[in-house]
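Following: one structure in structure tokens, then a few remarks.
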Amino acid sequence: MVVRRIVGLQAGRPVQSDAIGVLTRVTETHLTVRTADGDLDIALAAVTAAKRIPDQRARSATERLELVAAAGWPPVEKGLLGDWQLRASGGWTGRGNSALAVGDPGLPTAAAVDAVTAWYAERGQRPMIAVPLPLGRRLQPELDRRGWVTITPTLVQTALLTDLPATRDPDVALLTEPTEAWFAGVGGRKGGLPPAARTILTGVPDARYAAGLSPDGALVATARGTVTDGWLGITVVGVDPAHRRQGWARRLTLALVAWAADAGAERAFLQVEETNTPARDLYERLGFRTAHKYVVRLPQRPCLP
């Protein structure tokens, strides 16, 4: 099952995280979930949602990886449509504001798309659906029929940590909490960071915020690593324009690999836009290979069901 619970506060707001595992015990005040990292005792008062999920062994590798990636990028608001996850975060990033079409929505395809459209309309947002391929082969024709366009074809790439040259780099600081300078570094490349962005970026308890430091101590590169269900997720890798082509993306990635290996992770994944040739070349040289692709679909104009 998956249990969503409050794990702390950030700027006065509750931070939530998902625990995925087998429910082994329930008392009047707590429940115990056996996760990949061991038994986790959760106070019932902290639980905001819980849902039984099919045996993970029955899911495809693509489905399992998509669920791990979703847990590493927790939205501000999350709903469920059967197995589909509905995610809203004030418009910051497609991943934080799209329905993840993995599993059975519990409705016929056309009705499921209508339900997604209505959910986002209630929040004043254009509906978007993230469609992993080839899993979405039955959903794609319905979206084509409605004239929904395709944006952001993205490759999901993976590697075994044992195949990556983990490096402990003295010029890469691995922070347990992001600093304002780190946020500013990410925001400079993302057009500024709204509050929703900070909620997403700090929403996973087992995380490190990599900061690449120049000889004078200036922050010139950033990345984020999370460990979820034995996977290292690498996100928001970016380098200040004046310091690009100096190996910073590689150094931050490998520093996060070293941390994750010590934390018990066995595999790593990242997501890179299909058109980003320099990043694809870098990750291929490191040993990452494409596991699958996903696309984001949305209507050409705002619509109602």
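The values are calculated or read from the model by the stated rules, or taken from the named source; none is laboratory data. Note that the structure is a prediction, hence the values are computed from the model and not measured. Heads up, the Cβs are rebuilt from the backbone with ideal geometry, glycines too, and the neighbour counts pull from every protein chain shown. The accessibility values were calculated without ligands, DNA or RNA, using every heavy atom of the protein model including side chains. Shrake-Rupley method; radii C 1.70, N 1.55, O 1.52, S 1.80 Å.
Points to keep in mind about this one:
- Percent of beta bridges antiparallel (DSSP, the range 71-166, rounded to nearest 5): 75 percent
- Check: the range 195-305 dipole with +1 on Lys, Arg Cβ and -1 on Asp, Glu Cβ, in debye: 320 debye
- Neighbourhood net charge (13 Å Cβ-Cβ; Lys/Arg +1, Asp/Glu -1) for S17: -1
- Among the protein heavy atoms, those of T32 account for about 10 Å² of accessible surface (1.4 Å probe, every chain in place).
- Protein-only accessible surface order, largest first, of R250, R5, R245, R34 at 1.4 Å: R245, R34, R250, R5
- For Q10, the residues 5 or more places off, or on other chains, whose built amide H falls under 5 Å of its own are V15.
- Compactness of the range 166-305 - radius of gyration and Dmax, Cα, Å: 15.9, 56
- Taking all protein chains as they are arranged and a probe of 1.4 Å, the heavy atoms of K51 leave approximately 50 Å² accessible to solvent.
- Residues of the chain: accessible area per residue with a 1.4 Å probe, Å²: 48 Å²
- Which of V296, Q246, V236, positive extreme of dipole for the chain (C-beta unit charges): V296
- Put the Cα centre of the range 258-288 next to the Cα centre of the range 170-232 and the gap is 16 Å.
- Counting only protein heavy atoms and using a 1.4 Å probe, the accessible area of T24 comes to about 70 Å².
- Apportionment of accessible area to carbon and sulfur, the chain, percent (1.4 Å): 51 percent
- Debye, to nearest 20: dipole size of the chain, +1 on Lys, Arg Cβ, -1 on Asp, Glu Cβ: 720 debye
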